[in-house]
Amino acid sequence: MTDSRLAIVVLAAGQGTRMKSNLPKLLHPLAGLPVVSHVLATAKALGAAHVITVVRFDRDRLAAVVAEDLPESAIVDQDEIPGTGRAVEQAVAALPADFDGDVLVVNGDVPLLDADTLISFIAAHRASAASATVLSAVPDDATGYGRIIRSEDGAFDRIVEQKDATDAELAVAEINAGVYLFGLAALRDQLAQLTTDNAQGEKYLTDVIGLLRRAGSEVTAVPVAEAWLVAGINDRAQLGEAAAKLNALIVRGWQLAGVTVQDPATTWIDLRAKLAADVTLLPGTQILGSTVVETGAVIGPDTTLTDCEIGSSAVVKRTDATLAVIGAEASVGPFSYLRPGTYLGADGKIGAFVETKNAKIGAGSKVPHLSYVGDATVGVESNIGAGTIFANYDGVNKHSSEIGSYVRTGSHNVFVAPIRIGDGAYTGAGAVVRKDVPSGSLAINVAPQRNMDGWVQANRPGTDAAKAAVESGE
Ligand code: UD1
Ligand code: CA
């Protein structure tokens, strides 16, 4: 549903210097999505008639994220005049001339705020006579935030930024959350009055509040239910805290949906991941990106899945996997490395110290031990011997291998691609397979073994080996 009287301005033009990063602050990942994407998702849920995102630093990368997440948002480029006030001034100038509603301003670095909180906030503003409403909070540590300054009668008077505050003002516990609702006309008038006459040399949006009060308008501060909802991210310590809080909420959500999480503190689940009821996550497990895990699967301990699909009742133990699809009741690990394009059929196995890449391994087929399978297909119910290498790279090009169904390959084989092994074929231990193997054949190419009797006594006399040979009496 569209709220025709609502416009949203997302502030995303700041540099984020306190992050000390080459990556813009708002693009740092949080639960698998850029910080700003969380804010854009919330903005989207409000169904505003107009959304404007203000960008400047790394504008192309930010604009690309906005275009992807919230294509209905207009993008405004902030000029060289710094500050949140300037950003809103330019956003307001970009609103259509016939718009005459409320303007919700949200900081792009306040990612945990949810749409429900904003819906109540908007309702509180509209039920009041105030020309501006500010979301406030009382966090454990107010350092860095603008303080809400009230006059003696308790009325909200103005906001003072940390860097401009007196000691008495710094002692105020109530802070500005960075979320505001303004009537458009009042906002427009006061934005025009802003100056850069402050400690940071910026046009502060927060000064609009004091100016409105001086002009005789009413402003109110609505406290948020819990301070973590409006945690702002300025540095990496705050990013870490927000990530931990969001993860705890996500983990709890999945627990209540029927997922066993043995150790929530060491389990990380990205926002877009999906888990069915009766999935079990063991300690040290990360379910990242758009990973989907079906019912009954047991993941972990110490497993990282990125953009994977795990079938029902599969077991994935001590594994690192990206863009892999694992069938129902299949088994992976421990110590397996599954790279993009790995498909393991139902009931299949990728075992200890096995690496796979672009490998389709059919239902019931097994690669149990110490192998590399790259650019290959394996049919159903085949067994790849221990220590097998699919030699897919000739130093210039990659080639593929095709192993049929019901194949049994010997230990320590090398399959030199391109190669084809027919259904039901066998290969001997240690074979270096360079030619196709027809269905039902046994391929061997290791030289026959010769035993040189008495060689050790003759050539290594007096050694422990020679003595042991003599003592064996054989
Ligand atoms: C701001 C508020 C502060 C509040 C805090 C809440 C101001 C002056 N101060 O401080 O009262 O307690 O948020 O988290 O607004 N931005 C622009 N253009 C700019 C500067 C910033 O778009 O020129 C954007 C940033 O990308 C960011 C947001 O505005 O998303 C807030 O900027 P930031 O510099 O982080 O402000 P704070 O110091 O946190
Ligand atoms: Ca901030």
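The values are calculated or read from the model by the stated rules, or taken from the named source; none is laboratory data. Please read all numbers here as calculations on a predicted model, not as lab measurements. Positions of Cβ are generated from backbone atoms using ideal geometry, with glycine treated the same way; all protein chains shown enter the neighbour counts. Calculation scope for accessible area: heavy atoms of the full protein, side chains included, ligands and nucleic acids excluded. Shrake-Rupley method; radii C 1.70, N 1.55, O 1.52, S 1.80 Å.
Rounded, prolate or oblate: which fits the range 122-222 when a ≥ b ≥ c are the square roots of the eigenvalues of the alpha-carbon gyration tensor, with rounded for a/c under 1.5 and prolate only if a/b beats b/c?
The shape class here is oblate.
Given points 7 Å out from each Cα along the Cα-Cβ axis, report the THR143 to PHE57 separation in nanometres with one decimal.
Those two pseudo-labels are separated by 2.0 nm.
Going 7 Å from the Cα of ASP263 along its beta-carbon direction, which residues of the range 303-333 have the amide nitrogen within less than 13 Å of the resulting point?
The answer is 303, 318, whose backbone nitrogens lie closer than 13 Å to the label point.
So what is the relative contact order for the chain, in percent, with contacts set as C-alpha pairs under 8 Å and at least six apart?
The value is 8 percent.
Modelling each spin label as a point 7 Å along the Cα-to-Cβ direction, I'd like the ALA129/ASN22 distance in nm, to one decimal.
About 5.7 nm separates the two model spin labels.
Give a residue-ordered list of calculated ³J(HN,Hα) values for the range 12-29 (Karplus: 6.51 cos²θ - 1.76 cosθ + 1.60, θ = phi - 60°; whole Hz; x for Gly, Pro).
Here the 3J(HN,Hα) series is 9, 9, x, 7, x, 4, 5, 6, 6, 9, 6, 7, x, 3, 6, 9, 5, x Hz.
For the range 130-257, which whole percent of the accessible surface, found with a 1.4 angstrom probe, sits on carbon and sulfur atoms?
Reported share for carbon and sulfur atoms: 49 percent.
Would you list, by chain and number, the lysines whose Cα falls below 30 Å from the Cα of LYS20, excluding same-chain residues fewer than 8 positions away?
Those lysines meeting the cut-off are LYS44, LYS163, LYS203, LYS245.
How would you classify the range 166-316 from its alpha-carbon gyration tensor, with a ≥ b ≥ c the square roots of the eigenvalues: rounded for a/c under 1.5, else prolate if a/b is greater than b/c, otherwise oblate?
prolate
Tell me which of SER405, THR388, GLY462 sits at the most positive position along the dipole axis of the range 347-470, charges placed on C-beta atoms (Lys, Arg +1; Asp, Glu -1).
After comparing all options, I get GLY462.
Using the basic label-point model (7 angstrom from Cα toward the beta carbon), what is the ALA41 to LYS467 distance in nanometres?
Result: 7.1 nm between the two label points.
Net charge within 9 Å of PRO334 by Cβ-Cβ distance, Lys/Arg positive one each and Asp/Glu negative one each, not counting PRO334 itself?
+1
Let me know the shape class of the range 3-230, please: from the alpha-carbon gyration tensor, a ≥ b ≥ c as square roots of the eigenvalues, rounded when a/c is under 1.5, otherwise prolate if a/b is greater than b/c, or oblate.
Taking the square roots of the gyration eigenvalues as a ≥ b ≥ c, the range 3-230 is rounded.
Calculated FRET efficiency, SER4 and ALA171, Cβ-Cβ r, R0 41 Å, to nearest 0.05?
FRET efficiency, SER4 to ALA171: 0.45.
DSSP beta bridges in the range 254-443, what fraction antiparallel, as a percent rounded to 5?
0 percent
Under unit Cβ charges (Lys, Arg +1; Asp, Glu -1), what dipole magnitude, rounded to 20 debye, does the range 254-443 have relative to its Cα centre?
The calculated dipole for the range 254-443 is roughly 420 debye.
By how many degrees, 0 to 90 and rounded to 10, does the Cα axis of helix 84-93 deviate from the longest principal axis of the chain?
The angle comes out near 80 degrees.
With a 1.4 Å probe and every protein chain left in place, work out the accessible area per residue of the range 3-230 in Å², rounded to a whole number.
Value for the range 3-230: 42 Å² per residue.
When the dipole is taken about the Cα centre of the chain, and only Lys, Arg (+1) and Asp, Glu (-1) are charged at their Cβ, what size is it in debye, to the nearest 20?
The calculation lands at about 1580 debye.
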